[in-house]
Each structure stands twice: as C-alpha cells, then as structure tokens.
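The values are calculated or read from the model by the stated rules, or taken from the named source; none is laboratory data. Worth saying up front: this structure is predicted, and the values here are computed from it rather than measured. Counting neighbours? That spans all protein chains shown, and the Cβs are built from the backbone with ideal geometry, glycine included. Note: areas computed on protein heavy atoms with side chains; ligands, DNA, RNA excluded. Shrake-Rupley method; radii C 1.70, N 1.55, O 1.52, S 1.80 Å.
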Amino acid sequence: MHDTERDSTASARYAGNAPGDPADAARLWSLVIPVKATQRAKTRVVTEPEGLIDNAALAAAFAYDTVEAALSSEQVQAVYVVTEDLQIAAGVRELGAIVVVEQSKLPIESPGFARLNDAIHSGELAARDAGAKYVAALTADLPTLTPAELSAVLVDAARFARSYVADSSRIGTSLLAAGPETALDPQFGYDSAAAHAATGAVSIDVSAPTVRTDVDTLDELSEAADLGLGPRTAALFAEYEQRAANESTR
C-alpha cells in the first residue's frame with residue numbers, strides 16, 4: 001500500500017462515530033485497555049542501524065490509535081485505560097478515555113504476565129463500580145483497529161457470558177469479554193487463548209483482522225500496514241520507511 005493510500009485510510013477510518021459521542025442504548029460495553037509505561041514497551045522492536053524508530057513513541061502511537069478506535073465504536077460507552085505512565089494518561093484523557101492509575105504491588109518482573117492481569121482486574125473493578133454490565137479487556141497494541149470490526153466483535157460477544165478473540169497467531173488473546181455478573185478472569189500470558197478457553201470462555205471467530213492484529217516487531221508492523229494503520233502509527237511508520245530508505249542509499 002502506498003503512503004498516500006495509508007494516509008487516506010487513516011483519516012477516514014474513524015468516520016461516523018467521533019470519540020466522546022454521548023452514550024446511547026446501543027453502547028453496552030466498557031473497555032479496559034492496559035498500557036505499559038512506554039519506556040518498558042515494545043522492547044522487541046529492533047532496527048539496524050539503531051535510531052531509525054523510537055520504541056517509546058511507537059508504543060504510545062499504538063496505544064493512542066487503539067484507544068481512539070475503541071472510543072469510536074458504536075458499541076462502546078466508555079474506555080478505561082490502566083497505566084502508570086503520566087504522559088499516556090494525559091494523552092488518553094484528551095481523547096475521552098477514563099484513566100485508572102496502575103498501582104500494582106506486584107514487581108515489574110512478575111512472571112506469567114501477572115502484572116498485566118492485575119492491571120486488567122483494576123480496570124474491570126473501576127468499570128463495574130461505575131455501573132458497567134458488559135466489560136471487555138483489549139490489548140493496547142492494535143494499531144490497525146477499526147471501530148466497525150470492534151463493534152462486530154462486541155455484538156457477538158454480548159451473546160455469551162464470557163468470550164475471547166484470539167490474536168492473529170491464534171496463540172495469544174487480543175480481546176476478552178464478560179457480560180453481566182461474570183468476571184473477566186484474565187489469563188493473559190503465553191498461550192492465553194488456550195488458557196481462556198480452558199476457563200470456559202467462548203472463542204469468537206468472526207472475521208475481524210484489525211481486532212486480531214497485535215504488533216510487536218517491525219516486520220509485523222510492515223505487514224499490518226496493508227490493513228491500514230491508525231494516524232499516529234502511520235505517521236511514525238512513514239518516517240521510519242523514509243529513514244530506512246535514506247540509510248540504504250548511503
């Protein structure tokens with residue numbers, strides 16, 4: 001996909017439901033999106049020579065684009081971002097998200113994604129305390145996410161007490177959903193799709209590639225660009241491609 005096509009896709013992808021629209025009867029869902037401090041995020045993104053892309057900036061772009069798309073879904077009434085990063089907190093508030101300050105007592109090195117699951121639990125409690133009946137946890141590294149595909153997934157998820165969407169590898173989980181009087185019980189970590197299935201969650205298998213496409217490496221980002229990147233991620237990726245092209249001609 002050419003850069004102009006990417007830009008056009010990014011600018012149009014949120015048309016129809018601007019973030020911050022008043023909730024209506026169709027907006028059943030509150031979403032919980034955990035966001036790592038950007039200094040610790042996207043550590044698998046490696047470039048040669050170094051300096052072609054800023055990992056922290058890329059992680060922030062992923063998060064902002066994911067949150068903005070989620071807020072634009074016609075099924076979403078609120079988005080709770082759980083983070084300890086003050087800059088991320090300020091940015092997502094401007095988009096219209098509710099910030100839950102991560103205050104986990106677990107160490108950063110906690111095994112098995114315990115800290116991530118703890119953050120999701122904190123966000124779920126905040127949403128339930130605010131009266132949310134339908135709550136879903138969504139990963140923050142979905143830079144291709146579109147409101148339409150997220151809405152389609154959430155419509156399907158409302159049919160089940162608890163459900164999940166496997167990521168593109170079918171090993172991880174990109175979304176975990178729970179209806180009224182049902183806890184999310186997050187099992188994120190290695191092979192989380194199987195873990196969620198083992199705890200009774202139903203697999204949602206609708207065609208929704210932008211909900212499944214989580215991105216951890218530059219190769220994955222290059223592949224994801226064909227789906228159309230969110231505006232902030234698209235801008236950073238275009239800058240990276242230009243720098244890489246310049247390096248190749250030296």
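Okay, here's what the table says:
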read-out	value
Matching residues in the range 130-146 - criterion: being small (Gly, Ala, Ser) and out of contact with any helix residue (DSSP H, G or I) (no Cβ under 6 Å at 6 or more places or on another chain)	Ala130, Gly131, Ala132, Ala136
Contacts under 8 angstrom Cβ, first residue in the range 118-136 being within 15 Å of Thr83 (Cβ to Cβ), partner acidic (Asp, Glu), 6 or more apart	Ala119/Glu102; Ser122/Glu102
Subset of the range 237-250 [open to solvent by 40 Å² or more (accessible area, probe 1.4 Å) and in a helix (DSSP H, G or I)]	Glu239, Tyr240, Glu241, Gln242, Arg243, Ala245, Asn246, Glu247, Ser248
Complete set of residues in the range 177-207 that are open to solvent by 60 Å² or more (accessible area, probe 1.4 Å) and among the aromatic types (Phe, Trp, Tyr)	Tyr190
Top-ranked residue in the range 99-149 [being in a loop (DSSP other than H, G, I, E, B) and of a type in the set (Lys, Arg); ranked as modelled with the lowest pLDDT]	Lys105
Verdict on Lys133 being surrounded by fewer than 17 Cβ atoms within 10 Å (Cβ to Cβ) and more than 14 Å from Val79 (Cα to Cα)	no
Residues of the range 202-231 classified as under 26 Å from Pro186 (Cβ atoms) and not in a loop (DSSP other than H, G, I, E, B), total	10
Which numbered condition Glu223 misses (of (1) at pLDDT 95 or above; (2) surrounded by fewer than 21 Cβ atoms within 10 Å (Cβ to Cβ))	(1)
Set Ala234, Ala194, Ala183, Ala152: member being outside any helix (DSSP H, G or I) and modelled with pLDDT of 95 or more	Ala183
Thr139 vs. criteria open to solvent by less than 10 Å² (accessible area, probe 1.4 Å) and polar (S, T, N, Q)	no
Of all residues making up the range 49-84, the number that are touching a helix residue (DSSP H, G or I) at 6+ places or on another chain (Cβ under 6 Å), surrounded by fewer than 24 Cβ atoms within 10 Å (Cβ to Cβ) and in a loop (DSSP other than H, G, I, E, B)	4
Thr144 vs. criteria farther than 18 Å from Val32 by Cβ and open to solvent by less than 40 Å² (accessible area, probe 1.4 Å)	yes
